[in-house]
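The values are calculated or read from the model by the stated rules, or taken from the named source; none is laboratory data. On a predicted model such as this, the values are computed, not experimentally measured, just so you know. Don't worry about glycine lacking a Cβ; one is built from the backbone with ideal geometry, like all the others, and counts go over all protein chains shown.
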Amino acid sequence: MQEKIQQLIKEVESYIVESAEQLDAYKRKFTNKKGIITDLFKEFKNVPREEKRTVGQLLNTLKTKAQEKLKEFQAAALANNTQEDRPDDLTLPGDAHTLGARHPLSIVLNKIVSLFEKIGFKVAEGPEIEDDWHNFEALNFPPNHPARDMQDTFFVQRNPDWLLRTHTSSVQIRTMEKNQPPIRILSPGRVYRNEAISARAHCFFHQVEGLYIDKDVSFADMKQVLLYFAREMFGDNTRIRLRPSYFPFTEISAEMDVSCGVCNGQGCNVCKYTGWTEIMGCGMVDPHVLDNCGIDSKVYSGYAFGMGVERIAQMLYKVPDLRLYSQNDIRFLKQFEKIQ
């Protein structure tokens, strides 16, 4: 066995590698787990006791030389590849780097935030993993309230309940708990609902919610702010209408529609021939919500509104499938590289 190991040492020392195939052959023979060195170590247990020391030293020498030789071969191969990649003329211009573009949802979100910042709203943020109090109960969703069924929820942990927030209204609760009026905030962010993914729905999407709390705030104040937003976002000729609705955290509550920008309110397949497209919910903050947050509802009042960023983007860019926003398809995203 000693003679066999010594012959292998000489073979390793004189081995020549000139191609990737030869390098693979070397590794298969010497350094892989199924190579000859591994087999020799398995046979070592059968070596007579008086020879174990000598044979063991030779085996270790063989293994060390084989690994060192492998490193030399790999370094030489890397140097050759680098040399081959170098252009013959180093004065030639390099390859141009393709610059990225803003995501369409980022474009719309930034525009919404910018419009409301101009009239005094400040951005407020909160955690995406929320507790039941901030996401539901403080917003007039008591346990077993049927309105909870309106939002299919991803629960992270029970007792106490922790969940992925279903709306950014939880940010409004956290802000009201820590601050006294006047409060004028905008809370953009990602929200989650347990829905089947399709062209018209997704398990996550983006919202922007607004809140204004002060003395003598009226429904007319809210209507004027939302009219300003609609005309700045969709054009000076845009009209709005408010339809009665229901939300647990506002009273009175309304859905807001804008006149269809495709047909100018005349009726088309986009607005389902009604001339109107719904874009958000809104209403006066329920007094119970104010009281839950330590704000005196007999002194202060306010309004809140919330819209989906994807819905606004659909209206602006006529994207037919919500899934395109999250698939990172460069062909889709490149269409928005010139939009700021």
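So residue 120 fits all but one of (1) of a type outside the set (A, V, I, L, M, F, W, C); (2) outside any helix (DSSP H, G or I); (3) over 30 Å from residue 310 (Cβ atoms); what number is the exception?
So the condition that residue 120 fails would be (3).
Quick check on region 120-141. Is at least one of its residues closer than 30 Å to residue 338 by Cβ, among the β-branched types (Val, Ile, Thr), surrounded by 13 or more Cβ atoms within 10 Å (Cβ to Cβ) and modelled with pLDDT of 95 or more?
The answer is yes, given that some residue of region 120-141 is closer than 30 Å to residue 338 by Cβ, among the β-branched types (Val, Ile, Thr), surrounded by 13 or more Cβ atoms within 10 Å (Cβ to Cβ) and modelled with pLDDT of 95 or more.
Which residues, counting only those in region 205-232, are crowded, with 22+ Cβ neighbours inside 10 Å and either free of Cβ contacts under 8 Å to residues at least 60 places away in the same chain or aromatic (Phe, Trp, Tyr) (or both)?
Matches in region 205-232: 212, 229.
In region 154-168, how many residues are surrounded by fewer than 18 Cβ atoms within 10 Å (Cβ to Cβ), of a type outside the set (Phe, Trp, Tyr), out of contact with any helix residue (DSSP H, G or I) (no Cβ under 6 Å at 6 or more places or on another chain) and at pLDDT 80 or above?
Here the count works out to 1.
Among the residues in region 248-271, are any surrounded by fewer than 19 Cβ atoms within 10 Å (Cβ to Cβ) and modelled with pLDDT of 95 or more?
Checking region 248-271: at least one residue is surrounded by fewer than 19 Cβ atoms within 10 Å (Cβ to Cβ) and modelled with pLDDT of 95 or more.
Looking at (1) free of Cβ contacts under 8 Å to residues at least 40 places away in the same chain; (2) farther than 29 Å from residue 225 by Cβ, which is the only condition residue 118 fails?
The failed condition is (2).
Would a scan of region 321-336 turn up a residue that is among the small types (Gly, Ala, Ser) and crowded, with 20+ Cβ neighbours inside 10 Å?
Looking for residues that are among the small types (Gly, Ala, Ser) and crowded, with 20+ Cβ neighbours inside 10 Å, one finds none in region 321-336, hence no.
If you scan region 93-109, which residues turn out to be in a loop (DSSP other than H, G, I, E, B) and either closer than 14 Å to residue 335 by Cβ or among the β-branched types (Val, Ile, Thr) (or both)?
Those that are in a loop (DSSP other than H, G, I, E, B) and either closer than 14 Å to residue 335 by Cβ or among the β-branched types (Val, Ile, Thr) (or both): 98, 100, 101, 102, 103.
Looking at (1) surrounded by 16 or more Cβ atoms within 10 Å (Cβ to Cβ); (2) more than 52 Å from the chain's Cα centre (by Cα), which one does residue 53 not meet, given that it meets all the others?
Going through the list (1) surrounded by 16 or more Cβ atoms within 10 Å (Cβ to Cβ); (2) more than 52 Å from the chain's Cα centre (by Cα), residue 53 breaks only (1).
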